[in-house]
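J.: I am attaching a structure below and will ask some questions about it afterwards.
Quick note: the coordinates plus some simple rules give every number you see, no bench work behind them. Note that the structure is predicted; figures quoted are calculated from it, not measured. Cβ placement follows ideal geometry from the backbone for every residue including glycine, while neighbour counts extend to all protein chains displayed.
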Amino acid sequence: MMTNLFSVFDPMTTLMLPLNWLKTMLGILFLPLSFWLIPSRFYFLWNKIILTLHNEFKILMGQKSNGNSIIFIALFTMILFNNFLGLFPYLFTSTSHMVLTIMLSLPLWVSFMIFGWINNTQHMFAHLVPQGTPPILMPFMVCIESISNIIRPGTLAIRLSANMIAGHLLLTLLGNTGTSMSYSLLMILIITQILLLVLESAVAIIQSYVFAILSTLYSSEV
């Protein structure tokens, strides 16, 4: 029985096992199939998506990307699998937890900062002051740019987890009211739930793309 509204995001209340975190890596089981089975339509579709993402990331990262876009494509794939698996009933949504999202964004940001300050120190200092800033505003711009740079991993993590929590909470709220409704209102509720599920599917794709594209933009700055 659900004790409160947020217990749907507790990995201990769905199957009463902490093994729900293992669902995070279930997507790996589906990837090797394309290497030893006959290519299917799904494989060609997924290959087209990967090539499109590679071309977009290569444009953002410049000509010196040298295949680094594979890291962000893998990040996009992992988040996409977890977002979609969280839409199934009684499956734990791992991307709604800050534990997972901050562990994805923080190591990326730290590695970007270490690489940038060691190899491109002058560029990192110049990036703190936007071009055309009046001299009297330069100290304030340095403070603002430093703060905005420091909170980047937090904004990445909160954006992903908050969007996944919001949709799931709305689905849970509407689903709990179904037992006290009449048949006519229940049909409207079912149609609304289906439309929300379609919206959540779109949000799952968009949020994984936004996370990957912002990580690419942050890496291109260093």
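J.: For a protection proxy built on the mean count of beta-carbon atoms within 10 angstrom, sort 187-200, 81-94 highest first, please. Could the numbers behind the result be given before it?
T.: Details: 187-200: 12.9, 81-94: 18.6.
Ranking the peptides 187-200, 81-94 by packing returns 81-94, 187-200.
J.: Here is a follow-up. Can you give me the C-alpha center-to-center distance between the range 168-188 and the range 207-222, rounded to a whole angstrom?
T.: Cα centres, the range 168-188 to the range 207-222: 37 Å.
J.: How big is the Kirkwood radius of the range 93-222, worked out from every pair of different alpha carbons and given in Å to one decimal?
T.: On the way: mean 1/r = 0.0566 Å⁻¹.
Answer for the range 93-222: a Kirkwood hydrodynamic radius of 17.7 Å.
J.: Using Cα pairs under 8 angstrom and six or more residues apart, how large is the relative contact order of the range 78-204, in percent?
T.: Details: 78 pairs, mean separation 42.1, N = 127.
Dividing the mean separation by the residue count of the range 78-204 yields 33 percent.
J.: Along the Cα→Cβ direction, 7 angstrom out, place labels at residue 42 and residue 142. What is the inter-label distance in nm?
T.: According to this spin-label approximation, the distance is 5.5 nm.
J.: Sticking with this structure for a sec: Which value in Å is the Kirkwood Rh of the range 5-220 over different Cα pairs? Don't jump to the answer; show the numbers that get you there.
T.: Working: mean 1/r = 0.0500 Å⁻¹.
Value: 20.0 Å, from the Cα pair sum.
J.: May I ask for the Kirkwood hydrodynamic radius of the range 60-154, worked out over all distinct Cα pairs and given in angstroms to one decimal? Intermediate results must be reported in sequence, preceding the final value.
T.: Values: mean 1/r = 0.0616 Å⁻¹.
Evaluated over the range 60-154, this radius sits at 16.2 Å.
J.: Still on this structure, I have one more. Between Rg and the Kirkwood Rh of the range 158-222, both from Cα atoms, what is the Rg to Rh ratio? Walk me through the intermediate numbers first.
T.: Working: Rg = 16.6 Å, Rh = 13.7 Å.
Rounded to two decimals, Rg over Rh is 1.21.
J.: Still on this structure: Where in the range 197-222 does the amide nitrogen come within less than 19 Å of the point 7 Å from the Cα of residue 126, taken along Cα to Cβ?
T.: 218-222
J.: Here's something else I'd like to know. Quick check on the exposure proxy: order 127, 168 from fewest to most C-beta atoms within 10 angstrom. Spell out each step's value before the answer.
T.: Values: 127 14, 168 19.
Sorted ascending by nearby Cβ count, the order is 127, 168.
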